[in-house]
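Enquirer: First the structure, then my questions, so here it is.
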Amino acid sequence: MTRVDRARGWPATLTEGPVEIRPLRMWDVRAWRDVRLRNVAWLRPWEPTSPETPLFRTGLGPYVSMVGALRKEGRQGTALPWVVTYEGAFAGQLTVGGILWGAARSAQVGYWIDGALAGRGIIPTALAMAVDHCFLRVGLHRLEANIRPENLASRRVVEKLGFREEGIRRRQLHIDGAWRDHICYAITVEDCPQGVLADWRRSREAGLGDSQTRPA
């Protein structure tokens, strides 16, 4: 499979009501930094970190490095790095990363949201759009989300969208100063041949609502 083939379906901007996911851009830097600094306490217990470096910095270097790396992965077909916006304002990020092609056609999903916007259905809507795009446009077969057992809100998000629990991954990621266990959730294209967004719309119309989503 060529690089062009691998990158099909990217770049992509997807919209559902006031929620949009679009490619991460360099000029998002001010909004990204402001939201991250306001959400230090909100994000710290859940976000992966390097054991050697801090999670939050005030400089622009980490952002520039991140965008450069993710945009390269997007061109190579190994990641889909999205910004999540709500009513046009920066709200968080959603990344489909670690894409494997060949016999696997699988990827990992991670996301975070501004704590001030949690509970409005933003992340479930963004994730539903991303899942449908990955399965119905990009051609992936399986998506995983690995979430700390204590992160009940994010666990409910993936459960609402049809991800199934597949077990514990012991000390999988370094988070908040220690190696933490994660629960593996997964969904395959056979689980949702028509996509998950339509079912999520019906759930919202039925009044099931959202939870206080934290990073996964």
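Enquirer: At a Förster distance of 30 Å, what's the computed FRET efficiency of R204 paired with H141, Cβ-Cβ distance as r, to 0.05?
Expert: Computed FRET efficiency for R204 and H141 comes out at 0.65.
Enquirer: Something else about it: Taking a probe of 1.4 Å, how large is the accessible area per residue of the chain, in Å²?
Expert: Spelled out: the 1.4 Å probe surface of the chain, per residue, equals 47 Å².
Enquirer: Could you calculate the FRET efficiency of V64 with A178 from 1/(1 + (r/R0)^6), where r is the beta carbon distance between them and R0 is 22 Å, rounded to 0.05?
Expert: Given R0 = 22 Å and the Cβ-Cβ separation, E is 0.15.
Enquirer: Given the protein chains as shown and a 1.4 Å probe, how many square angstrom of H182 are accessible, to the nearest 10?
Expert: 10
Enquirer: I've got another one for you. Given axes a ≥ b ≥ c from the Cα gyration tensor, I'd like to know whether the chain is rounded (a/c under 1.5), prolate (a/b larger than b/c) or oblate.
Expert: It comes out rounded by the Cα gyration axes.
Enquirer: Now, a different point. Roughly how many nanometres apart are two label points built 7 Å out from the Cα toward the Cβ at R30 and A103?
Expert: 5.1
Enquirer: For the pair K72/D191, report the inter-label distance in nm, with labels modelled 7 Å from Cα in the Cβ direction.
Expert: Modelled inter-label distance: 3.2 nm.
The values are calculated or read from the model by the stated rules, or taken from the named source; none is laboratory data. These numbers come from a predicted model, not from an experiment. Cβ sites come from the backbone with ideal geometry, for glycine too, and all protein chains shown count toward neighbours. Just so you know, the surface numbers come from the protein's heavy atoms only, side chains and all, with ligands and any DNA or RNA stripped out. Shrake-Rupley method; radii C 1.70, N 1.55, O 1.52, S 1.80 Å.
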